[in-house]
1. Would you calculate the separation in nanometres between label points at Leu551 and Arg904, each defined as 7 Å from the Cα along the Cα-to-beta-carbon direction?
2. Which order, highest average first, do 398-404, 942-948 follow once you tally other Cβ atoms within 10 Å for each residue and take the mean per peptide?
3. Just report the Cα centroid separation between the range 268-314 and the range 581-612, whole Å.
4. Using r as the Cβ-Cβ distance of Asp889 and Met834, and R0 as 25 Å, what FRET efficiency do you calculate, to the nearest 0.05?
5. Tell me the label-point distance for the pair Asp172, Gln61, using the 7 Å Cα-to-Cβ offset, in nm and rounded to one decimal.
6. With every protein chain left in place, what is the accessible area of Val538 in Å² (1.4 Å probe, nearest 10)?
7. Please arrange Glu835, Glu425 by accessible surface area, largest first, computed with a 1.4 Å probe and ligands excluded.
8. May I ask for the net charge around Arg682, where only other residues with Cβ less than 12 Å from the Cβ of Arg682 are counted and Lys, Arg are +1 while Asp, Glu are -1?
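The values are calculated or read from the model by the stated rules, or taken from the named source; none is laboratory data. Everything numeric here is computed off the predicted structure, so don't read it as measured data. When we count neighbours, we look across all protein chains shown, and the Cβ atoms used for this are built from the backbone with ideal geometry, even at glycine. To get the accessible areas, we keep the full protein, side chains included, count just its heavy atoms, and leave off ligands, DNA and RNA. Shrake-Rupley method; radii C 1.70, N 1.55, O 1.52, S 1.80 Å.
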Amino acid sequence: MMSRETEPSLLGKSILQSTFSDGHCFRPEFDISVIKEKTVIENAAEPERNPENEKRLIEMQTFLLAYLTAKMESNTAKFKAEAEARILQEMEEEEVLHNEVQEKKRQYLLMEKERLVNELLDLQIAALTPVADAAKEFTKDYKSFATAVDTTRHELPVKNFYIDGDRREFLDKAEACLKESEALLAECTEGDHKDNSTSLECLRDMKMTSKEISHQLSGTFSELLELSSLFLLVFLVWVSEIMLQQTQVATVIDYYNKWMKRWPTVQGLAAATLEEVNQMWAGLGYYSRGKRLHEGAQKVVSELKGHMPHTVDSLLKQLPGVGRYTAAAIGSIALGQVTGAVDGNVIRVLCRLRAIGADSTSPAVTETLWSLANTLVDPERPGDFNQAMMELGARVCTPKGPLCSQCPVQSHCHSYRKVHVKQEENTRKLLGKLDKKTSILPDIEDCVNSGTCLLCPSEPWDDELGVQNFPRKPAKKPPRVERTLTCVVIRPGEEGEDEYLLTQRPNKGLLAGLWEFPSLLQEEKSSEMKQKRALCAVISRILGTNLTESLLQYVGEVVHIFSHIHQTYVVHSVCLKGSDTQTQTENAQWLTRSALQEAAVSTGVKKVIMFIHCVSHSQRRDAPAAAGQGHWRQRGKAQAREAEEDGRREQPGKETVPRGTCQTMCPARELRDREAQNRLHRFEMLAGTERDRQPRGDPLRAVKEYSRPAAGKDSTNPTDLRPPATLLKTVYGFVFDRLRGVKQDMIIQRVTGLDCVAILERMVRFLIYASYRLCGEPLRLYDPRINDTHLQENLSWLLDCYATGTGLHPNQEEFQALGLLYNLGSARATQHIMELPEWLRSSPAITLALSINRAFLERNPVRLLRLAQRLNFLQCCALHRHLVACRRDLLLIYSHGYSSRNCRFPLDRLARLLSLDLSLTARLCQTYGVEVNQDNHVVFSKAAFTEPEQGELHCNLYHNLVAEEKRDLAVENIIHGCA
């Protein structure tokens, strides 16, 4: 029993221990039916109740209930944990599936947006196709294009491309396309969240890149334009400065325009041949300049990779034919480098400005002038300053007849001050007011080291030269005299036009590479026959035929003067019968006369061509028609010798003097050419055709133009020359340019005697009248310097004709007086008048002119203006250019003499002294700082007197001295002396 009772207890204890010791949540391995069975047995037995057993039974049951409760809670916690784990797993799987769905959705959206972006890019590609084509073309021609627009030593970046067409229009279209793309992108990206941020960043990068490309395009074009203009300016200045070496601007202009039209870039010039360069340079002289310019262009392209030197030193070292002045001119004008430029004009200005009288070519003077130029140059505008200095020397401070009264630096000019001092000394000597004791004080303008100074003049001062004492140049060596035997070989051409044989000179030496007629320099010791034989041998070697000296026919002699050679061409001719004569050497060719005018030949050869043509025309005209021997080549030796002797008798010096046959004021050929080129003046047009597209010329009104002989034109053709009778008819109703044509015809025909005097008198009257009537006109219409130069030349020629001619000249008194009035204060003009015969010097006109000249030298403007009231109209015109200085001196003297606080001078009295009306007098006073009060009284003050600014004082406003009633005279009346 005890065993039975004890067994469940043990069992329960073991179970409880097993349950709480292992901590597992598994169901215990026992059967409850055992307890139930035991209970039934015990109840059945129940012989007696044992409280302890019941107590143990209740405890066991309670334990079992506690166990079951704990087990249930354990299992519930287990199931709850498993459920939570399962729920978390399901949630994770759901999240993974959700993420996959979102990724698919995002990928779909990105694909859709990529499709839209591709469409936008296609639109941009279509819009930028011209840029791509231009970029490809630029890449292909990159090297040549870069060298044409960039003067630096760095390659242009690849992004700099060229767009054909209007750049602004292209950029506007590109900007519009970019704005359209921006609007579409903004529409597509509206409402996106963080998942498409990468796509948005990419699109933003594309937008910024597009803006950068647009900005770079704009900047690149501006840089390219700037570099291109700089390079073009360097090339233009280089060519112009080389052409202007030893050559005047007026001569260079036509050659320069033709040159730049044919070779606008250095690459084009480098690609040309020397033959083409010589052909373009023909007639300009100093032909080595063209060759060096061509060599310099080839060096820039081949050795410097197309980059022009960009400093003065590199220009001087790397470009052949570029000297110190040329390098400085290019550097300052084109590159803006601060350096002076010293040419002939600047040398003259600086020497006169600083009174440098030593040899201007000496090293000491040269270095001094360069130092002065480098000191004076404006650092802000060096190119403009250097060009202004050159213009000052070319237009104002000229070699002869300088316009000191118009010089802007007159107050700083030492030579002008020295001339003024010398004039005052001469005036005092003339008036007998100079002390007999010579002053031992040195002149303030003289150098204290004049004995040893390298800049002071070594020759004494010449009063007649004035400021022209500076600069002093060494005496030029006389030119070397040479005689050259020249043969003009002619054959009949295939088209009926004669052809001439030309040979090419060596590539070095005088006229290198140019073409000329077969020639041979004559030797003094060699006989003429021997030299002809040698020339025939040269021609025979060229043609491969046997040519004897007996075939050479003498034509005449042509003189051409180089800078250092006095060349005389002894011209012979040979006419070949066959047209199939070919040259056997490479440096020989046949050319027609029209082709000769365009070939690379010198001016001397062109003179020979014109001489041949002139002689041919003259002898064809003079030959009898019935003889059938009119052509000059078919004339015999006796006829040629007779013509030569006639020419020598007609004019000494062995030169044939042409005689004009043109009976109209303008040759017919020139009139036709000017009609075709629309170069007729409006006064020369035929009435009724002025508004036509191509007006016609009136033969009775058209006047021959002046043309430079250096241009290669036939200026000795008799049909283009006007004889003296026609010239006399020409000198009225013309423009200034035509006077030069009249003078040119006179010089060529060597007109002398009464015809020459009559023409020159009319020319001088017109030029004096023009100096008055056109005073103050714009420089493009009237240049006073050029007018003064021609007036002085014609006046000097006329006075020489008076001195050397025989017989009386009725107008001599008039022009002697005009010459002195026009050149008041000139020592040379005064001396010329004093050397005239007493009967002429005491004439009324010359006596009045001498009195006015003395008043001018004494600086007595009141007396000068009072005497000027007695002058006639043309004499007032000659005097008018001195009136401004005279009236200025009067106001200055009165400003010192009447400078008092309470002193008042009547305005009407001052107007009478100045020979002006009241309004002009008040205006003139205001210009010089002189006060005019409300009571019409002048308040003089030496402190208030000021010089007007340059250009503020207009001379033409103060011409009241000229008689009013004679202002409207016809020009022909003035020219013929009826004024």
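1. Computed distance between label sites Leu551 and Arg904 equals 10.1 nm.
2. Going from most to least packed, we get 398-404, 942-948.
3. 25 Å
4. Computed FRET efficiency for Asp889 and Met834 comes out at 0.50.
5. Result: 11.0 nm between the two label points.
6. 40 Å²
7. Listed by decreasing accessible area, they come as Glu835, Glu425.
8. Net charge around Arg682: 0.
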